[in-house]
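First the structure, in the form of structure tokens, and then the observations on it.
Any read-out appearing in this document is the output of simple, stated calculations on the displayed coordinates, not a laboratory observation. This is a predicted model, so every value here is computed, not measured. So basically every Cβ, Gly included, is an ideal-geometry build from the backbone, and we count neighbours across all protein chains shown.
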Amino acid sequence: MHAIFLYNPGVVQYDYGISHPFRIERVWLTEHLCRRLGLFDDPADEVRSYEAATRDELLVAHDSTYLDVLAGVSEGVYPPGLALHGLSTGDNPIFSGMWDYSLDTVGGSLTGARIIASGEAQQVFHPGGGLHHAQRQRAAGFCYVNDVVIAIDHLLAQGKRVFYLDIDAHHGDGVERVFYETPRVLNLSIHQDGRTIFPGSGFINDIGQGEGTGFSVNVPLLPSMSDESYFAVWDAIVTPLIEVFRPDVIVTELGADALQGDPLASLGLRLRGWWELLRRMAAWQLPWLAVGGGGYDLGNAMRAWTLAWGAMIAWDPVDRLPQPPAEMPGAAAGMAWPADFWSAPLAVGGARADGEVTAAIIRQVRQHVFPHHGLTP
Ligand SMILES: [Zn+2]
């Protein structure tokens, strides 16, 4: 078994701005924690850097005019109509090096897709990826370029059937839109209900169009829903669909903002539940490309992504967290280091099992989607 952790140490130089919640330091923290725990010690498991993507490779997911604007603002050129492209907003600020950062992010996920498609490794994790909101002509939700779309497109071009599973707290709208009419990607997003959170989409009756009808699946959960709801969704929706779809490859967007205590979302998934979901993904034993995504509590994100890598290499997690390093970059320097591996930050709403509401959500999703796959709702 061979697993590859894609990490470019230079990525931590980029900064959305000191008060912005999207912290690139999360990737540094994850690599650090994995290393301290000895998760790269086996010669079969490798940390590898990667080449940045080229502008041409970005054209798969973005219009040329948008890329010109993105490259321009990164150099201090401010053309009119920035707002049309979602730029220079609170969510999507302009910052130094953002064009290179975009090329780097896509480069990592595209490298991962190439490794998976070639069969060089069965598991690849690029924690710096997962910018699932970026649109063809527009930045959205902290995402300037859609590395997920570009990675999946490469896998499709290599003839793969792709199961895309997105467990970020926010609906994976930018990815869904691109593959909404194809049956070659089964696109399943489990997220916080769009009536309560950005981007306000991803409802039960959004199931794809044309030939793709039934191949986009949305499972909107209510705030505070926790491990039990995720497991029920897994058993009743994820498992039957993957069995009937029979993908060649899985691509997972592992936004850690689904965890309890995230400052920008209000789901109640715990780290133990998260670990169980990761174990279930690994148990499929399919070629697996994982990318990061959201996750605005740094302690949650670094532990969640360490667990993701751990699941890929069949790690048996420990309870004790190493002491924090003497020096940490940027905003990580001021973070609250978690007390142990599993405890969550305090949640505003707490966690609730709410089995009946979950059952109703599951029932409706199955009614909308399952007949398109010859499954009984
Ligand atoms: Zn998110």
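See the values below:
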| quantity | calculated |
| --- | --- |
| Debye, to nearest 20: dipole size of the chain, +1 on Lys, Arg Cβ, -1 on Asp, Glu Cβ | 500 |
| Mean ellipticity per residue at 222 nm, deg cm²/dmol - from DSSP H runs of n ≥ 4 across the chain, formula -39500 (n - 2.57) | -10000 deg cm²/dmol |
| With eigenvalues of the C-alpha gyration tensor scaled by 5 and rooted, segment 108-238, Å | 23, 17, 16 |
| Calculated from backbone phi, Karplus (6.51, -1.76, 1.60) coupling profile of segment 193-201 in Hz, x at Gly/Pro | 3, x, 6, 10, 6, 4, x, x, 9 |
| Principal axis box of segment 254-337, alpha-carbon based, largest edge first, Å | 39, 28, 22 |
| Per DSSP, loop trypsin sites (Lys or Arg not before Pro) in segment 257-338 with at most 10 further Cβ within 10 Å | ARG320 |
| Note, ³J(HN,Hα) from phi for segment 255-267, Karplus 6.51, -1.76, 1.60, rounded to Hz, x at Gly and Pro | x, 7, 6, 6, 7, 4, x, 5, x, 10, 9, 9, 7 |
| Cβ crowding within 10 Å averaged over residues, with 361-369, 97-105, 163-171 ranked highest first | 163-171, 97-105, 361-369 |
| Mean projected area (nm²) of the alpha-carbon convex hull when segment 200-348 is viewed from all directions | 10.4 |
| Gyration tensor (alpha-carbon) shape descriptor, segment 54-117, a/c threshold 1.5 | prolate |
| Placed amide H near GLY208: partners under 5 Å, 5+ positions off or other chain | GLY214, SER216 |
| Qualifying GluC sites (Glu not before Pro) for segment 3-62 [loop in DSSP, other Cβ within 10 Å: at most 14] | GLU51 |
| Residue among ALA3, VAL357, ILE204 farthest towards the positive dipole end of the chain, charges placed on Cβ | VAL357 |
| Orientation-averaged projected area, Cα convex hull of the chain (nm²) | 17.0 |
| Length-normalised contact order for segment 92-223 - Cα pairs under 8 Å, 6+ apart - percent | 18 |
| Other-chain or far-sequence residues with amide H under 5 Å of GLN123's (modelled H) | HIS2, ILE4, TRP288 |
| Cβ-placed point charges (K, R +1; D, E -1), dipole of segment 241-377 about Cα centre in debye, nearest 20 | 320 |
| Largest-first principal axis extents of the Cα set of segment 52-163 (Å) | 45, 22, 21 |
| Estimated distance in nm for a label pair at TRP337 and ALA44, the labels positioned 7 Å out from Cα along Cα-to-Cβ | 3.2 |
| Under the Karplus curve 6.51 cos²θ - 1.76 cosθ + 1.60, θ = phi - 60°, whole-Hz ³J(HN,Hα) for segment 65-82, x wherever Gly or Pro sits | 4, 5, 5, 4, 5, 4, 5, x, 5, 5, 9, x, 8, 10, x, x, x, 4 |
| Between segment 218-269 and segment 284-320, the alpha-carbon center distance in angstrom | 14 |
| Selected from VAL217, GLY299, GLN323, residue furthest toward positive end of dipole (the chain; charges at beta carbon) | VAL217 |
